[in-house]
Amino acid sequence: MSTMHPRRLLPSMTSLMVFEAAARTGSFGRAASRVALTQSAVSRAIATLEQSLGVTLFARAGRRVQLTEAGRIYAEQIGIALDQIRRATTAAIEAPGSPAPISVATLPSFGMRWLAPRLPRLFARHPDLAVSFAARVAPFDFASESFDAAIHFGDADWPGTGSDFLMRESTIPVCAPQLLREGRLSTPADLAAHPLLEQSTRPNAWQEWFDGAGVRVGALRTRPKFEHFMMLAQAAAAGAGVALVPRFLVEPELSDGTLVCPFEISLQSRHAYYLVYPYGRLNQPSFTMFRDWLLEEARTYRE
């Protein structure tokens with residue numbers, strides 16, 4: 001049996017980085033900008049890689065390129081490997097004993113109203129831990145992003161990840177206090193006569209709330225939609241209508257009277273908040289520090 005030469009199994013780092021950039025962007029031109037090479041250099045690097053592997057990674061049609069099935073599978077694995085190399089290098093150049101920095105994607109409103117106020121306790125416990133946060137609304141591929149974890153609302157079904165339950169949410173209607181002073185909200189059914197503000201990823205929330213309140217309403221009219229809950233709450237506070245929001249996100253406004261809850265009828269979510277992460281992160285000490293703290297905070301909040 002012939003043995004494949006080890007060098008063929010270890011392509012150059014440059015060619016792998018070029019390939020990863022082209023696979024991620026779907027364009028040799030955009031990949032060239034990312035890796036600071038010319039487009040022709042990118043094309044040559046990928047052709048050399050294909051020749052070395054004996055595999056066609058991209059199908060070419062004029063100026064257009066598209067990953068082959070073999071290229072797609074290779075890109076997924078190379079992306080993971082390069083990410084591990086980057087993290088290992090970061091850890092190696094950090095000060096001895098200092099935890100490696102981690103990056104967490106979070107839902108904007110959750111990050112602003114639940115996570116951020118609790119962070120002083122994290123940094124008091126781990127003063128050398130460096131954590132960066134970025135807003136993300138939709139799930140993404142960890143292999144093509146630089147995040148160690150994400151806060152996710154939905155089911156524990158993010159492909160290729162481990163997950164930890166954080167909490168469910170109780171959603172309530174809120175509005176500007178003027179609506180109550182005007183006496184136009186006597187019963188839950190009265191809400192249907194007002195603009196019902198909607199969170200764009202939860203189009204059925206109001207219908208579910210009316211069903212839970214035992215109110216029969218016809219087809220609800222087209223409603224203003226907002227991507228983020230805090231935009232929704234601000235619109236409600238300004239008198240634009242009634243919003244359906246998780247209670248924990250508007251506790252400050254409820255306390256100071258900026259918003260009021262006209263009816264204490266809550267919609268208990270079937271979904272929940274989860275911490276999701278690639279399984280390999282469980283071997284990363286800095287991530288374990290963050291994870292243990294977050295699960296403790298969520299457990300305390302639920303109790």
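The values are calculated or read from the model by the stated rules, or taken from the named source; none is laboratory data. Just so we're clear, the structure is a prediction, and the values are computed from it rather than from any experiment. We place every Cβ from the backbone using ideal geometry, glycine too, and count neighbours over all the protein chains shown.
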Q: Quickly run through region 270-299 and pick out the residues that are in a helix (DSSP H, G or I) and basic (Lys, Arg).
A: Arg281, Arg291, Arg299
Q) If you scan region 255-269, which residues turn out to be among the polar types (S, T, N, Q) and not in a helix (DSSP H, G or I)? A) Thr258, Ser266, Gln268, Ser269
(Q) For region 215-235, check the following and say yes or no: at least one residue is over 24 Å from the mean Cα position of the chain (by Cα), outside any helix (DSSP H, G or I) and in contact (Cβ under 8 Å) with a residue 60 or more places away in the chain. (A) no
Q: Could you tell me which of the residues Pro159, Pro117 is within 24 Å of Ile78 (Cβ to Cβ), exposed (fewer than 14 other Cβ atoms within 10 Å of the Cβ) and not acidic (Asp, Glu)?
A: Pro159
**Q.** Index of the failed condition, Glu253 passing every other in (1) under 15 Å from Ile172 (Cα atoms); (2) of a type outside the set (A, V, I, L, M, F, W, C); (3) out of contact with any strand residue (DSSP E or B) (no Cβ under 8 Å at 6 or more places or on another chain)
**A.** (3)
**Q.** Verdict on Ala213 being under 27 Å from Gln84 (Cα atoms) and among the aliphatic types (A, V, I, L, M)
**A.** no
Q.
Residue under question is Ser200, and the condition is that it be of a type in the set (S, T, N, Q), touching a Lys or Arg at 6+ places or on another chain (Cβ under 9 Å) and at pLDDT 90 or above; does it hold?
A. no
Q) Just a yes or no: is a residue in region 93-108 more than 30 Å from Leu232 (Cα to Cα), assigned to a helix (DSSP H, G or I) and at pLDDT below 90? A) yes
Q. Restricting the search to region 27-40, which residues are in contact (Cβ under 8 Å) with a residue 12 or more places away in the chain and within 14 Å of Met17 (Cβ to Cβ)?
A. Phe28, Ala31, Arg34, Val35, Leu37
Q) Can you pull out the residues in region 120-139 that are under 15 Å from the mean Cα position of the chain (by Cα) and either closer than 12 Å to Ile102 by Cβ or assigned to a strand (DSSP E or B) (or both)? A) Ser132, Phe133, Ala134, Ala135
**Q.** Residue count, region 163-198 (criterion: of a type in the set (S, T, N, Q) and surrounded by 15 or more Cβ atoms within 10 Å (Cβ to Cβ))
**A.** 2
Q.
Tell me yes or no: at least one residue of region 210-232 is in the same structural domain as Leu180 (by TED's automatic domain parsing), surrounded by 14 or more Cβ atoms within 10 Å (Cβ to Cβ) and β-branched (Val, Ile, Thr).
A. yes
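Which of the following residues is of a type in the set (S, T, N, Q) and in contact with a Ser or Thr (Cβ under 8 Å, 6 or more places away or on another chain): Thr201, Thr171?
Thr171
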